[in-house]
1. Give the peptides 72-83, 133-144, 33-44 in descending order of average Cβ contacts within 10 Å, highest first.
2. Given a 1.4 angstrom probe, I'd like the percentage of the accessible area of segment 252-306 that is carbon and sulfur, rounded to a whole number.
3. Round to the nearest 0.05 the FRET efficiency obtained for A235 and Y134 when R0 = 22 Å and r is the Cβ-Cβ distance.
4. Placing unit charges on C-beta atoms (Lys and Arg positive, Asp and Glu negative, everything else neutral), compute the dipole magnitude of segment 180-277 about its Cα centre in debye, rounded to 20.
5. If you rank R236, R188 by how much accessible surface each has, with a 1.4 Å probe, what is the order from largest down?
6. Rounded to the nearest 500 deg cm²/dmol, what is the calculated helix-only ellipticity per residue at 222 nm for the chain, with -39500 (n - 2.57) per DSSP H run of length n ≥ 4?
7. Computed from these coordinates, which is Rg and Dmax of the Cα atoms in Å: [x] 19.4, 62; [y] 21.3, 70; [z] 21.6, 73?
8. Under 26 Å from the Cα of K238, which lysines turn up, not counting those fewer than eight places away in the same chain?
Amino acid sequence: MSTSNHTGVSHTVFRLLGIPGLEDQHMWISIPFAISYVIALLGNSLLIFMILTKQTLHGPMYLFLCMLAAADIVLSTSTIPQMLAIFWFNAGEISLDRCITQLFCIYSTFVSESGILLVMAFDRYIAICYPLRYTNILTNSLIGKIAMTIFLRSYGTIVPIIFLLKRLTFCKGNTLPNTGCKHIVLARISCDDIRVNIWYGFFVLMSTLVLDIVLIFVSYVLILRAVFHMPSQDARHKALNTCGSHVCVIVLFYGPAIFTTLTQRFGHHIAPHIHVLLANVSILIAPMVNPIIYGVKTKPIWEQVVHVLCRQQK
């Protein structure tokens, strides 16, 4: 699109509509989202508290889980409070800088969480295939370097989006039919050529999430090959059980995200409010369910939770 269509006005304040077409239902829709957000905050905070305060939970797997819980808190907090403000107070006004900050937090945290899930797959591979060398390979120093790499990758790939958006002139309007700021949703109300934005968004998707999914798949192929070569059935069952929680979290993280992406790409006949609802659910479901899965399926964490609860009752 040519820049000659500019009206001379570039909006710096935008209006988030929430869920278009369901404005009269916002109050009812907010209830499950508010409950889910509280569960996500309490569950992940408890998980972080347990891991940091219990010496027995200072192993590599639990440190990665602590990173995942922290990312879940940031991801849900970047989206849900803004959504609830729209639902409860009709507070949909947002500045351009705040809008870009919000989408940066959402995307960078999402990429970070994907990287953490990849590292957790690598952790399970080392634990099952090289159990005697597990602690020697995954030292605290290496874990620190891995964490730094994950966050540098997420910030490094998302920072250019800030500049790609800052260069645009937003002259088609200042209304965003969503509960939060999204890269392409914001770019589409620009009068400039946004092909660079589209292609860079595709590059980020392929170089982070898609690449992580492929590497996680390869990790589990190697894990399964090692498991089925174990002579003892009990050993095979124990090895697979240690991966159960991680596999559930992977499905809950990537599954809704992939489904939402496919519906947005090919479901043009689907009502806009369905797209918005699916996008919000896909962001919130993993932060809410992850601590429940690990709390129930990971025996050391479950034992510590029961111990704390019993001590408080006494």
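The values are calculated or read from the model by the stated rules, or taken from the named source; none is laboratory data. Owing to the predicted nature of the structure, the values given are computational and were not obtained by experimental measurement. For neighbour counting, all protein chains shown are included, and Cβ atoms are generated from backbone atoms with ideal geometry for every residue, glycine included. These accessible areas exclude ligands, DNA and RNA; they are computed on the full protein's heavy atoms, side chains included. Shrake-Rupley method; radii C 1.70, N 1.55, O 1.52, S 1.80 Å.
1. Answer by packing, highest mean first, reads 72-83, 33-44, 133-144.
2. Carbon and sulfur together cover 74 percent of it.
3. According to the calculation, E is roughly 0.90.
4. With only Lys, Arg, Asp and Glu charged at Cβ, the dipole is about 140 debye.
5. So the residues, ranked largest to smallest area, are R188, R236.
6. It lands at -25000 deg cm²/dmol.
7. [z]
8. Answer for K238, where 26 Å is the Cα cut-off: K54, K297, K299, listed by chain and number.
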